[in-house]
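Q: Sending over a structure as structure tokens; questions will come in a sec.
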Amino acid sequence: MFRNYLWRFGWLVVLLIASTLVVLLGYHNLSVRFVSDARFQIDRQALLAIHRNIPNSPRLNNRLAESFLRDVAIDEQALKSALYHARLAADRSLWDYRTAHILGSILEISGDLEGAERALRSAVRLSPNYTRANWALGNLLARQSRLEESLPYLTNAASHDPALYPTVFDILLEISDGDENLVTQITANNADAQLMLVDHLLGRSRDESALRLFRQIDPQRRRNSTRTLNFILRQIDGGNYFHAKELWCELYPEKVSTGNLLINGGFEQQTMLDRGRIDELETLFEWRVTPSRYAQIGIDAVSSGDGARSIRVLFIGKDTTVLDKEIRQQIALKPGSRYRLTFSYRTSQFSSPLGPRVAITSDKEIIAQSEAIQSGSGGTRAGNSWIESGFEFSAPIGSGRRYVSIIRQPQFSYDDPTTGVVWFDAFSLIELDTPSN
């Protein structure tokens, strides 16, 4: 019986020891997880106090290394402490890519470039897509003028974090004395990165290089990129209207008509009225229509002067009718050159003290315009209700956007309502070989 009690007592002791070990192990793991979690702000002295009891924890040593690293600029001993804890962490965590990255960064700061390269290569080998390690290794190699070696790592880092691309461009262009071949290599087959490089080159006043690169990008990818619109707008804002129009036409070759500088002059192709929305890029050089307080504007698939469609303007009979920027298309003109703009129109039950006109406008003024459409005109000629009209003009000297617009300006501060319907069709703009007599 005595032996039975001894046996039970022995098992109780073993159980208590095992329980104590489990509790201590749980406390150890919980403490390490807590103090190594960057989401919790813990004083360095508290970290060091815990470190005295758990000196070999890779996570805890990593956090201490990062803590000392932040003070390197103001404390001479901080670098030694950071390196000490980083080595402890690396020696006890050979498969942790983050530990290798931290050690590599500290070794680089301490001046041990060979050691830093070994540690960073180890981090990249353990986690090939770890952005920070790729970035650090690429930078280290680039600053040693080992540019070809640095490219894969810089490319990998930027592809996972596109916000790094502008800095990568700066580094490579500066170290290589402006060699654009290097920066184009890291953006190959990445249309969005190539468009970021286009912006970067423009910012460095390398307009020709930017334009050449832009044209090398697949047109469909250019159309789908949000950066394309900004690039073309920068061309316009810089006064490069023809470049802007050519680039836009390359994106939408199906919209271009031979012998007509206007896009979709007969409204046969789909317009924003058909789509029911404004696509800023697609409508940049095609017809743009915005709502009017004085008229209802739409595409008419029944009445047309040439083809199957026209644009219809139904005036709602409101006094002092104004049409200004509601119907217009941006165009590119050569300053000083002569042009002829033609169109056709017809009316129905139309009455106005002064009818609408087709005009060449800027954002501020009317450059040239047709005769005003008269009340009762159109629909009166036997066998042909459509009337052809047009005018010639010289493109003004100077910068600024130009448009073909359908406008209606009141004669006075108040005039009688405009009512009825006017259709417009068959717009054509051509450059004349010689000035008109």
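Q: Cβ-Cβ below 7 Å, separation at least six or inter-chain, first residue in region 365-385 and within 25 Å of Gly336 (Cβ to Cβ), second part of a loop (DSSP other than H, G, I, E, B) and modelled with pLDDT under 95: which pairs?
A: From residues that are within 25 Å of Gly336 (Cβ to Cβ), the pairs are Ile367/Pro396.
Q: Could you please let me know if Arg293 is part of a loop (DSSP other than H, G, I, E, B), of a type outside the set (A, V, I, L, M) and in the same structural domain as Phe343 (by TED's automatic domain parsing)?
A: Numbers: part of a loop (DSSP other than H, G, I, E, B): yes; of a type outside the set (A, V, I, L, M): yes; in the same structural domain as Phe343 (by TED's automatic domain parsing): yes.
When the stated conditions are applied, Arg293 passes them.
Q: Hey, which of the strands (runs of 3 or more DSSP E) in region 304-413, taking only ones fully inside, have at least 3 residues that are modelled with pLDDT of 95 or more and either closer than 30 Å to Gly238 by Cα or among the hydroxyl-bearing types (Ser, Thr, Tyr) (or both)?
A: 323-331, 338-351, 357-361, 366-369, 387-394, 402-408
Q: Those residues that are more than 18 Å from the chain's Cα centre (by Cα) and not in a loop (DSSP other than H, G, I, E, B), I need them from region 159-183; list them, please. Before you say what the answer is, go through the steps one by one.
A: The initial filter retains those residues of region 159-183 that are more than 18 Å from the chain's Cα centre (by Cα), namely 170-183.
Result: Asp170, Ile171, Leu172, Leu173, Glu174, Ile175, Glu180, Asn181, Leu182, Val183.
Q: Residue check, Leu94 against (1) more than 30 Å from His200 (Cα to Cα); (2) in a helix (DSSP H, G or I), all met but one. Which one?
A: (2)
Q: Show the residue pairs that are 6+ apart or on different chains and have beta-carbon atoms under 6 Å apart, the first residue being within region 404-416 and assigned by TED's automatic domain parsing to the domain that holds Val289, the second being surrounded by 15 or more Cβ atoms within 10 Å (Cβ to Cβ) and small (Gly, Ala, Ser).
A: Qualifying pairs under 6 Å: Ser405/Ala359; Ile407/Ala359.
Q: Which numbered condition trips up Thr283, out of (1) buried (at least 19 other Cβ atoms within 10 Å of the Cβ); (2) modelled with pLDDT of 90 or more; (3) in a loop (DSSP other than H, G, I, E, B)?
A: (1)
Q: To continue, here is another question. Only one of these conditions is not met by Pro128: (1) within 29 Å of Leu88 (Cβ to Cβ); (2) part of a helix (DSSP H, G or I); (3) at pLDDT 90 or above. Which number is it?
A: (2)
Q: Related question: When the residues of region 128-162 are narrowed to those that are crowded, with 18+ Cβ neighbours inside 10 Å and either touching a strand residue (DSSP E or B) at 6+ places or on another chain (Cβ under 6 Å) or of a type in the set (S, T, N, Q) (or both), which ends up nearest to Arg227 (Cα to Cα)?
A: Thr155
Q: Suppose we filter region 54-89 for residues that are farther than 23 Å from Arg143 by Cβ, within 41 Å of the chain's Cα centre (by Cα) and in a helix (DSSP H, G or I); how many remain?
A: 6
Q: Picking from Gly259, Gly238, which residue would you name as being surrounded by fewer than 17 Cβ atoms within 10 Å (Cβ to Cβ), closer than 30 Å to Trp386 by Cβ, not assigned by TED's automatic domain parsing to the domain that holds Gln329 and not hydroxyl-bearing (Ser, Thr, Tyr)?
A: Only one candidate passes the filter, namely Gly259.
Yes/no per residue for (1) surrounded by fewer than 16 Cβ atoms within 10 Å (Cβ to Cβ); (2) among the hydrophobic types (A, V, I, L, M, F, W, C); (3) within 17 Å of Thr418 (Cβ to Cβ); (4) free of Cβ contacts under 8 Å to residues at least 60 places away in the same chain:
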site: Ile311; (1), (2), (3), (4): no, yes, yes, no
site: Ala332; (1), (2), (3), (4): no, yes, no, no
site: Thr342; (1), (2), (3), (4): no, no, no, no
site: Arg346; (1), (2), (3), (4): no, no, yes, no
site: Phe350; (1), (2), (3), (4): no, yes, yes, no
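Q: Let me ask another. Any idea which of Ser209, Ser205, Ser176 is among the hydroxyl-bearing types (Ser, Thr, Tyr), without any contact (Cβ under 8 Å) to a residue 12 or more places away in the chain and over 27 Å from Ala100 (Cβ atoms)?
A: From the options Ser209, Ser205, Ser176, the qualifying one is Ser205.
The values are calculated or read from the model by the stated rules, or taken from the named source; none is laboratory data. Bear in mind that the values here come from a model prediction, so they are computed numbers and not experimental data. So basically every Cβ, Gly included, is an ideal-geometry build from the backbone, and we count neighbours across all protein chains shown.
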